[in-house]
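The values are calculated or read from the model by the stated rules, or taken from the named source; none is laboratory data. Everything numeric in this text was worked out from a predicted model, so none of it was measured. Cβ atoms come from the backbone with ideal geometry, glycine included; neighbour counts cover every protein chain shown.
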Amino acid sequence: MKLRHEGSEIFIPDGIEEEKAFSRTTHLGIGAHPDDLEIMAYDGILRCFKNPGAWFFGIVVTDGAGSPRDSFYKNYSNEEMKVVRRQEQKKAAIVGEYSGVAFLNYASSEVKDPKVVSVREDLKDLLQAIRPRIIYTHNLADYHDTHVAVALRTIQALRELPPESRPEKLYGCEVWRDLDWLIDRDKVSFDVSAHQNLATALISVYDSQVAGGKGYDLATIGRRRAHATYYASHQVDVSTSMIFAMDLTPLIADDRLDIVDYVQGFIDRFASDVRQRLQQLL
């Protein structure tokens, strides 16, 4: 497949033909940066790991140039960081036995600009070729602008596909804002207790981030453990690791739904829940 941006690439860890790597994929993650897939889409990675009937494919939309850096990486230029972060993502794909990873190589500013239609077109081409059953992307209440932009471009691309080419489920997952605030009936929970060694390894591959000043390895695993324990106040733990998500499927099942109003609905239901509890106890 020919992607539009200079420096874009499709990486297939096991070297199989691109078309076969696409067709065997069942679970797809669409993240803004290298390492976002391993943080937010681990449910899909885990479901496909060592599973001959399921394969995970990742799409990394940006080039990863603007990340903070320290230690060995303190004096790395943006161009050098792009190379390092792509290599780290490839290592994660090998460790996690992904079907493949597509690097779209856009700058964050391009992804955030609605006028740069090539972002949406690249996503649309890949979605049409891969046709996964399940897609994980960023949640629409994330506070990182590039993450929200990637989720929006994903929804826009999916809405341009015929209904039969759309996935069964689209989930918005956690990176730069937890989703434990969602009320219970709105909260999608993924039990990711299995293979904690794999979960840790996938995050730890990103040495430029972990050693470079961001403790994603401990924070990501810790957040999942906290979610599992605080999931239910009056029950024993049913999981040791949990990821929360926002169900975005209605936005691609009904193109008439307003995206802003849809997300505001989650916030309004949370606000109502807090208000009602306070009023009952006053």
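Overview of values
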{"quantity": "Residue check, GLU110 at pLDDT 95 or above, surrounded by fewer than 16 Cβ atoms within 10 Å (Cβ to Cβ), closer than 19 Å to HIS5 by Cα and not β-branched (Val, Ile, Thr)", "calculated": "no"}
{"quantity": "Residue list for the range 78-106, restricted to those being assigned to a loop (DSSP other than H, G, I, E, B) and either of a type in the set (A, V, I, L, M) or buried (at least 22 other Cβ atoms within 10 Å of the Cβ) (or both)", "calculated": "GLY96, TYR98, SER99"}
{"quantity": "Selected residue (only one of GLY58, GLY64, GLY15 is free of Cβ contacts under 8 Å to residues at least 60 places away in the same chain, at positive phi and within 20 Å of the chain's Cα centre (by Cα))", "calculated": "GLY64"}
{"quantity": "Test: residue in the range 204-213 that is of a type in the set (Gly, Ala, Ser), surrounded by fewer than 16 Cβ atoms within 10 Å (Cβ to Cβ) and touching a residue at least 60 places away in the same chain (Cβ under 8 Å)", "calculated": "yes"}
{"quantity": "Residues of the range 137-184 classified as touching a residue at least 24 places away in the same chain (Cβ under 8 Å) and part of a helix (DSSP H, G or I), total", "calculated": "15"}
{"quantity": "Enumeration of residues in the range 65-77 that are among the aromatic types (Phe, Trp, Tyr) and crowded, with 16+ Cβ neighbours inside 10 Å", "calculated": "TYR73, TYR76"}
{"quantity": "The range 108-134, residues that are closer than 26 Å to SER23 by Cβ and touching a helix residue (DSSP H, G or I) at 6+ places or on another chain (Cβ under 7 Å)", "calculated": "VAL119, ARG120, LEU123, LYS124, LEU127, GLN128, ALA129, ILE130, ARG131, ILE134"}
